[in-house]
Each structure stands twice: as structure tokens, then as C-alpha cells.
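Data block below; observations after.
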Amino acid sequence: MIKVLVSSCLVGETVRYDGTAAWCEAQHLAAWQTEARLVRACPEVEAGCPVPRPPAEIEPGATGVEVLAGRARIRDRSGADVTRAFARGARLALERAREAGVRIAILKDCSPSCGSTCIHDGTFCGRIKPGRGVTAALLEQHGIRVFSENQIADAAACLHALDEERTHANVADSVWDHRLVEG
Ligand code: SF4
């Protein structure tokens, strides 16, 4: 079964910087949970960040792609550099995704880790801009399709296509095996 990585906060875990969750009520998520397709991850907490923790943003002018390339940092509101922990969280999420056979991720948008369509602009003024967080960028770089909680219908269509592809591949394999046996 093709698995779906999901931000822990979207499925009710109170792991956000302010100690809250970001419940996403989408029916697809509930169905995937019932099918045991969901693989949860909170990159920041799994990298050792506490709950609550100060909000953090990627430096102005950069996105998760630049952070992964070593060209930008992530800082919390006090100015402390939290890049190392956030990058570690991204690597842990990728490891978990690979071990579980994840092909799709649903991640909480706007986060410096999980943002997939937008992130905060690095000024701590509440402004957002297009871009990916470090975990979303790393997953995409390794072939995992990343969607936000606002794109779950697109994710469901993508998952359906991947399931169909896998079913056809399995049918083709069994026809081939049958021919080999028949000689
Ligand atoms: Fe949610 Fe991701 Fe932030 Fe964890 S790191 S609280 S999963 S948005």
C-alpha cells in the first residue's frame, strides 16, 4: 500500500510552536487514517525542539531550498540560529518516509519546516510569501510529492493515479510470471 506522510499537527497532535494542533477535518485524511496509510511526523519535535517553542522563520529572501544548500539560516524570534535542528528534523522525516514507502506528503502550510506553497517572510510580521520549508523541500528533492492541507483533493487524485499504476504493474508482472510457467 502506498503510504502518505502527514504533519502530526494536522491530525490533532499538539506539537506546534504554541502548543496547539492544526486539526484538518478533510474526509480523505480520515479515510487514509482508517486504511492505515498515514505516517505521522513532526520534524521539529522529532529533532528535539520543545513544545512550546519560540516561533522560527527562514531568513528574508530565502526558502527551504537555500537552507538545505547552506546558503540561508533559520532563526527564532530572539535571533537564535535553529537551522541545525530543523535540518535534522527534515532528514528524520525523509528517513521515516523512505522506510514506510511514502510517495505523497500532506504538510502544514506556512511552516519553516512543513510549508509547501508558502512560508513566512522572515520578518516575524505575519507576512507570508511563496516557498517551501526545509522538510517539504527535502522530500520533494527525493521524489515525494508534497501537498498542503489546502490541496488534499489534488493529493487524493495523485494517490489514486499511483495506486492504479501499481495495480497495472502487478497485473503485468503476474501475466509475465504465468507465461514463464506455461513455457
Ligand atoms: Fe506541524 Fe510541521 Fe510544525 Fe511539526 S514542524 S508542528 S508537523 S507544521
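Computed from the coordinates by the stated procedures, all read-outs in this text should not be read as laboratory data. None of these values were measured; they are calculated from a predicted model. Cβ atoms come from the backbone with ideal geometry, glycine included; neighbour counts cover every protein chain shown.
Cβ crowding within 10 Å, taken as a proxy for footprinting-reagent exposure, orders Arg132, Arg98, Arg37, Arg179 from fewest neighbours to most as Arg179, Arg98, Arg37, Arg132.
Karplus-derived 3J(HN,Hα) values for region 66-76, using 6.51 cos²θ - 1.76 cosθ + 1.60 with θ = phi - 60°, are 5, 4, 4, 7, x, 9, 8, 10, 10, 10, 8 Hz; glycine and proline are entered as x. Taking θ as phi - 60° and the Karplus parameters 6.51, -1.76 and 1.60, the scalar couplings of region 12-22 work out to x, 7, 8, 10, 5, 4, 9, x, 10, 9, 9 Hz in sequence order, x denoting glycine and proline.
Please express the shape of region 98-183 as an equivalent ellipsoid: the semi-axes are the square roots of 5 times the eigenvalues of the C-alpha gyration tensor, given largest first in whole angstrom.
39, 12, 7
The amide H of Arg132, built 1.01 Å from its N in the peptide plane, has Gly64, Val65 as neighbours under 5 Å, considering only residues 5 or more places off or on other chains. Amide hydrogen proximity for Arg73: with H placed 1.01 Å from N in the peptide plane, the residues at 5 or more positions away or on another chain lying under 5 Å are Glu59.
For Cys110, the residues whose amide H sits under 5 Å from its own are Gly115, Ser116, Thr117, Cys118, ignoring neighbours fewer than 5 places away on the same chain, with H placed 1.01 Å from N. Modelled this way, with points 7 Å down the Cα-to-C-beta line, the labels at Ala172 and Val51 are 4.3 nm from one another. When every Cα-Cα distance of region 3-182 is counted in 5 angstrom steps from zero, the calculated P(r) takes the values 1, 9, 17, 20, 19, 12, 8, 5, 3, 2, 2, 1, 1, 0, 0 percent. Principal semi-axes of the equivalent ellipsoid, √(5λ) from the alpha carbon gyration tensor of region 18-94, are 27, 15, 12 Å from largest down. With neighbours defined as other Cβ atoms within 10 Å of a residue's Cβ, the residues Phe124, Phe86, Phe147 order from fewest to most as Phe124, Phe147, Phe86.
Per-residue Karplus couplings for region 128-141, computed as 6.51 cos²θ - 1.76 cosθ + 1.60 with θ equal to phi - 60°, are listed in order as 10, 8, x, x, 10, x, 5, 5, 4, 5, 5, 4, 4, 5 Hz, Gly and Pro entered as x.
When both region 1-33 and region 37-55 are represented by their alpha-carbon centers, they are found 12 Å apart. Extension gain, Arg91 to Arg179, is 27.4 nm, computed as 0.36 nm per intervening residue step minus the present C-alpha separation. Helix 83-100 against the longest principal axis of the chain: what's the angle in degrees, Cα atoms only, rounded to the nearest 10? Computed tilt is about 10 degrees. Sorted ascending by nearby beta carbons within 10 Å, beginning with the fewest, Ile119, Ile2 become Ile2, Ile119.
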